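The block underneath contains the structure these notes are about, expressed in structure tokens.
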Amino acid sequence: MVFEHVKPSARFTVPDRITVRQQLQYFSEASIGDAPVFLRLWQGAVPLIEEWTCEVMPDKDVDLNSITDPNVTLVLVWAGLEVKKRIEGMNDLPKN
């Protein structure tokens, strides 16, 4: 599945089908812990992201403590929420 953000420009993909192991890893990262919710959502999304293109953060594995651009924050919140919606929607039945 492809996700695209216009400004700042960002694009990423996640698998169309996610294994049970990947789902468990996601829920472990995104749902449990002392980290703030948006940080957990991003941390849960990173292992699922297959392709990542972003003008303000070319490397999705960058140390977040080393950057200060608020546009990066915007993109990471967006990406984390999009993956969360995707995971939550996996059980939705397709409409006829």
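The values are calculated or read from the model by the stated rules, or taken from the named source; none is laboratory data. From a predicted model like this one, the values you see are computed outputs, not experimental measurements. Neighbour counts are summed over all protein chains in view; Cβ atoms, including those assigned to glycine, are modelled from backbone coordinates with ideal geometry.
Within the stretch 19-29, identify whether any single residue is surrounded by 13 or more Cβ atoms within 10 Å (Cβ to Cβ) and hydrophobic (A, V, I, L, M, F, W, C), and answer yes or no. Within the stretch 19-29 (the criterion being surrounded by 13 or more Cβ atoms within 10 Å (Cβ to Cβ) and hydrophobic (A, V, I, L, M, F, W, C)), the answer is no, since none of the residues qualifies. Looking across Glu82, Glu51, one residue alone is at pLDDT 95 or above and exposed (fewer than 12 other Cβ atoms within 10 Å of the Cβ). It is Glu51. Within the stretch 1-39, if we keep just the residues that are over 24 Å from Glu55 (Cβ atoms) and of a type in the set (D, E, K, R), the residue that is farthest from the chain's Cα centre (by Cα) turns out to be Asp34.
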